[in-house]
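K.L.:
Supplied in structure tokens, the structure appears directly below.
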Amino acid sequence: MDLSTGIMRLDETPRRASVLSTACNLINCAIGTGVLGVPFAIRQMGAVLAAATLCVAASISLFTLNVLCRGARVYRASSYQELVRKSIGRVASHAVSLILVVCIFGTCVACTVVAADAFKEVNARCFGSNFPILTNKALIVSAMSVGITLPLSLLRSVEQMTFASVFSVLALIYLAAIVVAKGFEPMSTLIHDD
């Protein structure tokens, strides 16, 4: 480690995360919020425009990943933050970090609201009007934030989130299996008037 900058060299960077943990975290980041937004976007745009837009977005993502991988090799950077700092400078890297924090915070808030809406719907179906407190959105958001998000946020390393990441990936696989299975049913059986 360079003591003057506190930066580790590429060959000194500790590798503590397992392949499973890394894969599950990557899948959650790449697919997680897309599961919520993509179906709505496809419905709004129509199949042809949505397919074209997804192809363009995938191409941009692949190009960006290629640029980042090449840059990591050229600058011998072992993390995104290190690559940004080495390629555009310390001041600009702080600006990029601030933009990422704002973006990630917004995503976290949006996911919390969507999850609260889902919990509210599940609680309403399970308990009906017998327990109105269980369908109180403010209470659900508070409980999720304090009971789930805060403890996971306080973990010392991403490796410690392996259980949560594996659970999320399994939930995504389960959801995908249900969607595929329902896709083979006639449309008339999928419409329920509640």
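K.L.:
Can you confirm whether the range 118-136 contains a residue that is in contact (Cβ under 8 Å) with a residue 24 or more places away in the chain and either open to solvent by less than 50 Å² (accessible area, probe 1.4 Å) or under 19 Å from S168 (Cβ atoms) (or both)? Give the steps one after another, and end with the answer.
P.N.:
Step one: filter the range 118-136 for residues in contact (Cβ under 8 Å) with a residue 24 or more places away in the chain, giving 119.
Keeping just the survivors that are either open to solvent by less than 50 Å² (accessible area, probe 1.4 Å) or under 19 Å from S168 (Cβ atoms) (or both) gives 119.
Yes, some residue in the range 118-136 is in contact (Cβ under 8 Å) with a residue 24 or more places away in the chain and either open to solvent by less than 50 Å² (accessible area, probe 1.4 Å) or under 19 Å from S168 (Cβ atoms) (or both).
K.L.:
I would also like to ask the following. Farther than 24 Å from T22 by Cα and among the small types (G, A, S): is that true of S153 in this structure? First the steps, then the outcome.
P.N.:
Details: farther than 24 Å from T22 by Cα: no; among the small types (G, A, S): yes.
Criteria not met by S153.
K.L.:
So which helices (runs of 4 or more DSSP H) stay within the range 30-94 end to end and still have 2 or more residues that are touching a residue at least 24 places away in the same chain (Cβ under 8 Å)? Before the answer, list the steps.
P.N.:
Working: elements: 34-45, 47-75, 80-88.
In the range 30-94, the matching helices (runs of 4 or more DSSP H) lie at 34-45.
Residue-by-condition table, conditions (1) at pLDDT 90 or above; (2) over 23 Å from L150 (Cα atoms); (3) among the small types (G, A, S); (4) in contact with a His (Cβ under 9 Å, 6 or more places away or on another chain):
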position	(1), (2), (3), (4)
R16	no, no, no, no
R43	no, yes, no, no
A51	yes, yes, yes, no
C108	no, no, no, no
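K.L.:
Do we have I99 as exposed (fewer than 12 other Cβ atoms within 10 Å of the Cβ), under 17 Å from the mean Cα position of the chain (by Cα), over 23 Å from T162 (Cα atoms) and at pLDDT 85 or above here? It would help to see each step written out before you state the result.
P.N.:
Details: exposed (fewer than 12 other Cβ atoms within 10 Å of the Cβ): yes; under 17 Å from the mean Cα position of the chain (by Cα): yes; over 23 Å from T162 (Cα atoms): yes; at pLDDT 85 or above: yes.
Criteria met by I99.
The values are calculated or read from the model by the stated rules, or taken from the named source; none is laboratory data. Values in this document were obtained by computation on a predicted structure and should not be read as measured data. Cβ coordinates were reconstructed from backbone atoms using ideal geometry, including for glycine residues, and neighbour counts include every protein chain displayed. For accessibility, only protein heavy atoms count, side chains too; no ligands or nucleic acids. Shrake-Rupley method; radii C 1.70, N 1.55, O 1.52, S 1.80 Å.
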